[in-house]
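Colleague: Take a look at the following structure, please.
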Amino acid sequence: MKERMELRKKAKIVEGFKILPKDNNPEHSELLFNFFAEINIDNSRLWDLIIALSEELPEEAALIFNHTDSEPNYGKYSDKKYVLEFLSHYKKEVIGDSFIDIGLIFHTESELIEIFIPESKYVKYWGVNQKSFIKIMENFNLKEVIDIEFVDEYPKVREALSLFENEITESEQLIKILKKEFL
């Protein structure tokens with residue numbers, strides 16, 4: 001642990017992204033995405049990036065959400081604009097609650113597009129149109145960084161968002177609200 005803490009001092013946790021081609025993992029052979037990307041962005045710009053990436057989804061998508069370390073809940077397919085409008089009321093929690101994982105997915109027999117924000121609040125993205133994805137990254141001045149690192153690669157301490165923000169919805173309550181609305 002001490003060694004990992006020392007390595008953290010030299011960590012390359014910067015804004016940027018890395019793209020990984022679809023690998024030969026047998027578990028992924030049935031999933032119809034062309035590439036996977038991980039994106040670090042300053043938290044103050046995370047919501048705007050989520051909105052921009054959501055343009056890659058068709059008009060209907062499903063919400064994925066869970067309390068960290070719990071099984072994900074896959075919501076019913078709904079109007080994407082409605083889902084994003086609903087989530088906008090919980091924007092602080094979406095981008096800042098380190099006890100909630102959340103994302104949007106579109107998955108059919110022919111393609112998979114997913115935007116997922118884990119508890120460490122960077123973006124995992126599965127997509128089909130890499131050219132369009134690169135354009136979005138350019139619009140946010142995000143460059144590909146080959147040796148980029150992510151905060152969840154290092155020891156970390158999580159604290160309740162309510163310690164830092166007023167007028168937020170606690171993690172468990174938000175999960176209940178999302179279940180009621182989207183399951």
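Colleague: Name all residues of the stretch 31-65 having a backbone nitrogen under 17 Å from the label point set 7 Å from the Cα of GLU111 along its Cα→Cβ direction, giving them as ranges.
Modeller: Inside the label zone: 31-37, 52-62.
Colleague: What is the sum of charges, Lys and Arg at +1 and Asp and Glu at -1, for the other residues whose Cβ falls under 11 Å from the Cβ of SER98?
Modeller: -3
Colleague: With contacts defined as alpha carbon pairs under 8 Å and 6 or more residues apart, what's the relative contact order of the chain in percent?
Modeller: Normalised by residue count, the contact order of the chain is 29 percent.
Colleague: Would you mind counting up the charge near PHE164? Only other residues with Cβ under 11 Å from its Cβ, with Lys and Arg at +1 and Asp and Glu at -1.
Modeller: Within the 11 Å Cβ shell, the charges total -2.
Colleague: Then there is this: So, R0 is 30 Å and r is the distance between the beta-carbons of VAL128 and ASN166; what FRET efficiency does that work out to, to 0.05?
Modeller: Plugging the Cβ-Cβ distance into 1/(1 + (r/R0)^6) gives 0.15.
Colleague: Work through the residues other than GLU138 whose Cβ is under 12 Å from its Cβ and net out their charges, Lys, Arg +1 and Asp, Glu -1.
Modeller: In short, +2.
Colleague: Normalised by the residues of the stretch 81-183, what does the relative contact order come to in percent, with Cα pairs under 8 Å and at least six apart?
Modeller: Relative contact order of the stretch 81-183: 25 percent.
Colleague: May I ask what percent, to the nearest 5, of DSSP beta bridges between residues of the chain are antiparallel?
Modeller: Bridges in the chain are about 95 percent antiparallel.
Colleague: Right, another one. Can you list the lysines whose alpha carbon is less than 29 Å from that of LYS135, not counting same-chain residues fewer than 8 positions off?
Modeller: Those lysines meeting the cut-off are LYS12, LYS18, LYS22, LYS80, LYS81, LYS91, LYS92, LYS121, LYS124, LYS143.
Colleague: Please list, by residue number, everything in the stretch 36-51 whose backbone N is under 16 Å from a paramagnetic label point 7 Å out along Cα→Cβ of LYS12.
Modeller: Inside the label zone: 38-41.
Colleague: Related question: So what is the 222 nm mean residue ellipticity for the chain from helices alone, if each DSSP H run of at least 4 adds -39500 (n - 2.57) and you divide by all residues, rounding to the nearest 500 deg cm²/dmol?
Modeller: Value at 222 nm, helices only, nearest 500: -9000 deg cm²/dmol.
Colleague: Can you bin every Cα-Cα distance in the chain into 5 Å intervals starting at zero and give me the percent of pairs per bin, rounded to whole numbers?
Modeller: Answer for the chain: a P(r) of 1, 7, 16, 19, 20, 17, 12, 5, 2, 0 percent.
Colleague: Per residue, how much accessible area does the chain show when a 1.4 Å probe rolls over the protein heavy atoms, in square angstrom?
Modeller: About 57 Å² of surface per residue is accessible.
Colleague: Right, next: For the stretch 48-78 and the stretch 79-140, compute the distance between their C-alpha centroids and round to whole Å.
Modeller: 6 Å
Colleague: A follow-up question, please. Which whole-Hz ³J(HN,Hα) couplings does the stretch 71-85 yield from phi under the Karplus relation 6.51 cos²θ - 1.76 cosθ + 1.60, θ = phi - 60°, glycine and proline marked x?
Modeller: Result, rounded to whole Hz: 5, x, 9, 9, x, 6, 5, 9, 4, 4, 5, 5, 4, 5, 5.
Colleague: In whole Hz and in residue order, list the ³J(HN,Hα) couplings for the stretch 95-104 that follow from phi through the Karplus curve 6.51 cos²θ - 1.76 cosθ + 1.60, θ = phi - 60°; x for Gly and Pro.
Modeller: Computed from phi, the couplings for the stretch 95-104 are 8, x, 7, 7, 10, 10, 9, 8, x, 10 Hz.
Colleague: What are the ³J(HN,Hα) values, in whole Hz, obtained from phi via the Karplus relation 6.51 cos²θ - 1.76 cosθ + 1.60 with θ = phi - 60°, for each residue of the stretch 106-112 in sequence order, with x given for Gly and Pro?
Modeller: The phi angles translate into 10, 9, 10, 5, 10, 7, 9 Hz.
Colleague: What percentage of the solvent-accessible surface of the chain, computed with a 1.4 Å probe over protein heavy atoms, is contributed by carbon and sulfur atoms?
Modeller: The nonpolar share, carbon plus sulfur, comes to 50 percent.
Colleague: Just how large is the dipole of the stretch 59-179 about the Cα centre, in debye to the nearest 20, putting +1 at every Lys and Arg Cβ and -1 at every Asp and Glu Cβ?
Modeller: So the magnitude is around 320 debye.
Colleague: Identify the trypsin sites (Lys or Arg not before Pro) of the stretch 114-175 meeting these criteria: DSSP loop state and at most 13 other C-beta atoms within 10 Å of the C-beta.
Modeller: Of the trypsin sites (Lys or Arg not before Pro), the ones in loops of the stretch 114-175 whose Cβ has at most 13 other Cβ atoms within 10 Å are LYS143, LYS156, ARG158.
Colleague: Taking the Cα atoms of the stretch 30-135, what is the range of coordinates along each of the three principal axes, in descending order and whole Å?
Modeller: The Cα atoms of the stretch 30-135 stretch 33, 29, 26 Å along their principal axes.
The values are calculated or read from the model by the stated rules, or taken from the named source; none is laboratory data. Remember, predicted model here, so these are calculated numbers, not experimental data. With ideal geometry, Cβ positions are generated from the backbone for all residues, glycine too; neighbour counts draw on all protein chains shown. Remember, those area values only see protein heavy atoms, side chains included, never the ligands or the DNA or RNA. Shrake-Rupley method; radii C 1.70, N 1.55, O 1.52, S 1.80 Å.
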